[in-house]
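The values are calculated or read from the model by the stated rules, or taken from the named source; none is laboratory data. Since the model is a prediction, treat every value here as computed from it, not as a measurement. Here Cβ is always computed from backbone atoms with ideal geometry, including for glycine, and neighbour counts include all displayed protein chains. Surface accessibility is based on the protein's heavy atoms, side chains included, excluding ligands, DNA and RNA. Shrake-Rupley method; radii C 1.70, N 1.55, O 1.52, S 1.80 Å.
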Amino acid sequence: MNESLFQEAFAKVQKRRLDAQLEQERRTIEISKAIPQIAEITRQLAQTSIRIMDVLQKGMDTDKQLEAIRQENLQAQSLCEKLLTDHGYPADYLKLHYSCPICNDTGYRQTEYCDCLKKEIASAAIARMNRKAQVNLSDFASFSLDYYKGRTIDGKDCYQAMRNIYQICVKYAENFSESSPSLLFYGKTGLGKTHLSLAIAREVLKTGKDVIYDSVINLFGQVEKEHFGRSNSEVDTLDMLLQLDLLILDDLGTEFDTAFNASLVYNIINTRLNRGLPTVISTNLDYQGIRNRYEDRIVSRLFAVYNCYEFIGTDVRILKKRENSPA
Ligand SMILES: Nc1ncnc2c1ncn2[C@@H]1O[C@H](COP(=O)(O)OP(=O)(O)O)[C@@H](O)[C@H]1O
Ligand SMILES: [Mg+2]
Ligand SMILES: [Zn+2]
């Protein structure tokens, strides 16, 4: 697992190249059975380099003879194509078909990474972060509304409130798109904010979207390391956070209260809103806590633009413990 993101991504691109070559070999065998005439022409074409060497060695009338070989080859090739289409195959059936026509699955354009390789590096980074956060542990099916039944907080019915939130989360994950709104989950600890965030991450990931779920502490730590050059990471985490399809930031407010972190919170919230990209944030702070902690421009964006949901109830961890050891 110490393999670098680059190696992981590069191996994928190389595998595509190999697959393309294997597929060509498979097709060649298939066609040599289906259209034996093509197999014969291919054998002749394979002799081309030997014939060229021969011409060059003899050194007589070289240009004319090479041109003749070239013409013959072209004719043989168009004959093959005609035979293929006559038999109902596409004319380019025997050519190499790479997934990325820009770099032919080499991962490079001249000395630069091709976009297909960059995309693989980013997905490897996303997969790795989500693996760390164990996105698979919580899902909608294991979320029970029973824990909120028969409880009221400040006159509000916990079950009603949480059922509403649960249904909104399920629909959000189901219908997720680039134009989905941003969500803010706030409320005391142990009420299911992380659980539902993970459930959303899991469902949206399944649709092939780029999603990162992680705690603010982990993500900001990584960004800070890269910012101060203490990391030789191949990805720019901040860049990624600013352009992902869905960013799920857990435990806002647990990061150190530094100027760097405050500007990061603002940058992420603001840039993603400007780009119209949805973000899901959860925090154990209540409204007053958020106001005390963050500048007005952050508070106003969170409460005016995000859809905000207050989680209410009794710490589910405690309720589960009671279930397991009834008095
Ligand atoms: N409604 C629920 N049904 C089942 N498990 C829950 C529910 N709410 C929370 N949990 C579980 O209780 C623990 C704490 O919940 P968590 O989502 O981390 O709370 P929060 O993020 O609000 O502090 C987790 O293990 C979570 O899976
Ligand atoms: Mg949590
Ligand atoms: Zn490419």
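Cysteines in the chain lacking any other cysteine Cβ under 4.7 Å from their own Cβ: Cys80, Cys158, Cys169, Cys308. Considering only the other residues whose Cβ falls under 11 Å of the Cβ of Leu198, what net charge follows from Lys and Arg at +1 and Asp and Glu at -1? Net charge in that neighbourhood comes out at -2.
Summary: within the chain, the longest segment free of GluC sites (Glu not before Pro) located in DSSP loops with at most 13 other C-beta atoms within 10 Å is 4-177. I need the P(r) histogram for the chain: all alpha carbon pairs, bin width 20 Å from 0 out to the longest distance, whole percents. Taking all Cα pairs of the chain, the binned fractions are 24, 38, 21, 14, 3, 0 percent.
Per the Cα gyration tensor, the stretch 21-71 maps to an equivalent ellipsoid with semi-axes of 30, 11, 8 Å, ordered largest to smallest.
Could you tell me which trypsin sites (Lys or Arg not before Pro) in the stretch 204-286 are loop residues by DSSP with no more than 16 other beta carbons within 10 angstrom of their beta carbon?
Values: sites: Lys206, Lys209, Lys225, Arg230, Arg272, Arg275; in loops: Lys209, Arg230, Arg275.
Within the stretch 204-286, the qualifying trypsin sites (Lys or Arg not before Pro) (loop, at most 16 other Cβ atoms within 10 Å) are Lys209, Arg230, Arg275.
Summing charges over all other residues whose Cβ lies under 11 Å from the Cβ of Ala173, with Lys and Arg as +1 and Asp and Glu as -1, gives +1.
Residue ranking by accessible heavy-atom surface, 1.4 Å probe, largest first, among Met60, Met162 comes out as Met60, Met162.
Over all projection directions, the Cα-based convex hull of the stretch 133-324 averages an area of 11.6 nm².
The Cβ shell under 10 Å around Leu247 holds other residues with a net charge of -2, Lys and Arg each +1, Asp and Glu each -1.
With Cα atoms defining each centre, the stretch 21-80 and the stretch 277-327 are spaced 70 Å apart in the structure.
Distance from a point 7 Å along Cα→Cβ of Ser144 to each backbone N in the stretch 294-327: keep the residues under 20 Å and list them by number. Residues 312-327 qualify, since their backbone N sits under 20 Å from the label point. Only aspartates and glutamates eight or more places from Lys209 in sequence, or on another chain, were considered; those with a Cα closer than 15 Å are Glu120, Glu174, Glu178, Asp245. Which pairs break 26 Å Cα to Cα here: Lys118/Lys206; Lys12/Lys82; Lys132/Lys188? Where the Cα-Cα span goes over 26 Å, the pairs concerned are Lys12/Lys82. Stokes-Einstein, applied to the Kirkwood radius of the stretch 1-92 over Cα pairs at a viscosity of 1.306 mPa s and 10 °C, places its translational diffusion at 98 µm² s⁻¹.
Which whole-number percent is the relative contact order of the chain (Cα, under 8 Å, 6+ apart)? Don't jump to the answer; show the numbers that get you there.
Details: 372 pairs, mean separation 64.4, N = 327.
Relative contact order for the chain comes out at 20 percent.
Between Leu45 and Thr111, the C-beta separation translates, for a Förster distance of 35 Å, into a calculated FRET efficiency of about 0.55.
Taking every C-alpha pair closer than 8 Å and separated by at least 6 residues, the mean separation divided by the residue count of the stretch 53-145 gives a relative contact order of 9 percent.
Applying both filters, DSSP loop and at most 16 other Cβ atoms within 10 Å, to the trypsin sites (Lys or Arg not before Pro) of the stretch 44-140 gives Lys95. Axis of helix 193-206 versus longest Cα principal axis of the chain: the two differ by about 20°, to the nearest ten degrees. Working from Cα positions, state the angle (0 to 90°, nearest 10) between the long axis of helix 5-34 and the longest principal axis of the chain. Approximately 40 degrees, to the nearest ten. Of the chymotrypsin sites (Phe, Trp or Tyr not before Pro) found in the stretch 210-268, the ones in coil according to DSSP and having at most 16 other Cβ atoms within 10 Å of their Cβ are Phe228, Phe256.
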